[in-house]
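Structure record follows, encoded as structure tokens.
Each reported figure results from applying straightforward, stated rules to the coordinates on display, with no laboratory input. As the structure is a prediction and not an experimental result, all values here were calculated from the model. Cβ coordinates were reconstructed from backbone atoms using ideal geometry, including for glycine residues, and neighbour counts include every protein chain displayed.
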Amino acid sequence: MSALAMQSDIVAGSQTADIETSRPFFSVRDVHAYYGESYIVQGVSLDIRKGEILALLGRNGAGKTSTLRTIARTDDPQLRQGEIWLDGKPIHAMKSYEAARAGIQLVPEDRRIIQGLTVEENLALAKVAPGNGWSLEQIYESFPRLAERRTQEGVTLSGGEQQMLAIARALARDLKLLLLDEPYEGLAPVIVHEIERILHSIKPLGITTVIVEQNAVAALKLADRAVILDTGEVVFAGTAKEVLDNSELRHEYLAI
Ligand SMILES: Nc1ncnc2c1ncn2[C@@H]1O[C@H](COP(=O)(O)OP(=O)(O)OP(=O)(O)O)[C@@H](O)[C@H]1O
Ligand SMILES: [Mg+2]
């Protein structure tokens, strides 16, 4: 190989490496989504690096849940324009079950614990999905409360325990992007801290999280970055610290 060809190879190689490291792990590009004819998600874009936690905030009705549902590719709202990429895969071209297989797990506000099943059965059912999710042993090690209650019916757990079960169930699947809708709602501070500890501990594993929370201060303290929505549009994107330090922004969009 000539020196010139070698040099151009090196240049091309280094360019590729730069693109690799600068490309976000998860990317939402100008996404528009509708409930019937109601235009709700109005051109949302956001980027997250692998292992980051993003707080998705905004007033009631700002479009937070709708954005999470759009990302998870639920039928409603309907995605009509824009792209969603996770780890190089085109999520916008997928149905919800395919997005789940690609590693996206949505934990909705009501947590969807399956009635009539024990804690362990709820987890075992999640493990039926293909892929390399956490084993029951790994889950019980990180969630000792669930280990203690493994034979208890899932729906009889406390709110906090049900939230832990919902997160554990996502970890039992092949999880790359965890979408949490109001995970702290109705929970005592001690349980919130336990969930924060778990969310923090999965970051080094490369699991990326989007957290929607009314408790914006708690979400911002946990998160690396923040996006604020208002009437279905992004009005702020930056670091979580920038929001914590900006009282005007907090006042205007978060009422805190
Ligand atoms: N199934 C639906 N059909 C029609 N409109 C809907 C539907 N679900 C939500 N909306 C509307 O979409 C807008 C955004 O709702 P969304 O639930 O995404 O907001 P949010 O930011 O999650 O609010 P909250 O903080 O109250 O949970 C609201 O105006 C809401 O009324
Ligand atoms: Mg909501």
*First select every other residue whose beta carbon is under 9 angstrom from the beta carbon of Glu83; then total the charges, Lys and Arg +1, Asp and Glu -1.*
0
_Using a 10 Å cut-off around each Cβ, can you sort Asp174, Asp110 from fewest to most neighbouring Cβ atoms?_
Asp110, Asp174
*asked:* How large is the translational diffusion coefficient of region 201-251 in µm² per second when you combine the Kirkwood radius over alpha carbon pairs with Stokes-Einstein at 4 °C and 1.567 mPa s?
replied: 110
*Antiparallel as a % of all DSSP beta bridges within the chain, to the nearest 5?*
60
*Average the reciprocal distances over every distinct pair of alpha-carbons in the chain, invert the result, and give the Kirkwood radius in Å.*
19.3
_Please compute the modelled spin-label separation between Ser45 and Ser201, points set 7 Å along Cα→Cβ, answer in nm with one decimal._
3.8
_Furthest towards positive pole of dipole, Ile71, Phe143, Gly51, structure part the chain, Cβ charges_ = Phe143
*asked:* Tell me the angle of helix 3-22 to the major Cα principal axis of the chain, expressed in degrees between 0 and 90 and rounded to the nearest ten.
replied: 30
*From the C-alpha gyration tensor of region 59-109, pull out the three semi-axes of the equivalent ellipsoid (sqrt of 5λ each), sorted largest to smallest, in whole Å.*
19, 12, 10
*Sort Phe26, Phe236 so the one with the fewest other Cβ atoms within 10 Å of its own Cβ comes first.*
Phe236, Phe26
*asked:* Kirkwood hydrodynamic radius, region 76-188, all distinct C-alpha pairs: what's the number in Å?
replied: 14.8
*In degrees, nearest 10, range 0 to 90: what is the angle between the Cα axis of helix 189-201 and the longest Cα principal axis of the chain?*
40
*Report the extension gain between Thr118 and Glu252 in nm, rounded to one decimal, defined as 0.36 nm multiplied by the number of residues separating them, less their alpha carbon distance.*
43.8 nm
*Provide the net charge surrounding Ile53, with neighbours chosen by a C-beta distance below 14 Å and charges set as Lys +1, Arg +1, Asp -1, Glu -1.*
+3
*Only Lys, Arg, Asp and Glu count, each charged at its Cβ (+1, +1, -1, -1), so figure out the dipole size of the chain about its Cα centre, rounded to 20 debye.*
400
*asked:* Using DSSP to call loops (not H, G, I, E or B), can you name the GluC sites (Glu not before Pro) in region 98-169 whose Cβ has at most 12 other Cβ atoms within 10 angstrom?
replied: none
*Any chance you could get the radius of gyration and Dmax over the Cα atoms of region 133-256, in Å?*
15.8, 49
*Could you work out the helix-only [θ] at 222 nm for the chain, with each DSSP H run of four or more residues adding -39,500 (n - 2.57) and the total divided by the number of residues, to the nearest 500 deg cm²/dmol?*
-11000 deg cm²/dmol
*Give the relative contact order (percent, whole number) for the chain; include only Cα pairs under 8 Å separated by 6+ residues.*
25
_Which lysines, if any, have their Cα less than 17 Å from the Cα of Lys50, not counting same-chain residues under 8 positions apart?_
Lys89, Lys176, Lys203
*asked:* So the label point goes 7 Å from the Cα of Asn132 along Cα→C-beta, right? Which residues of region 161-199 then have their backbone N under 20 Å from it?
replied: 168-178
*Around Ser45, which amide H atoms from residues at least 5 apart in sequence, or from another chain, sit under 5 Å from its own amide H, with H modelled in the peptide plane?*
Asp30, Val31, Val234
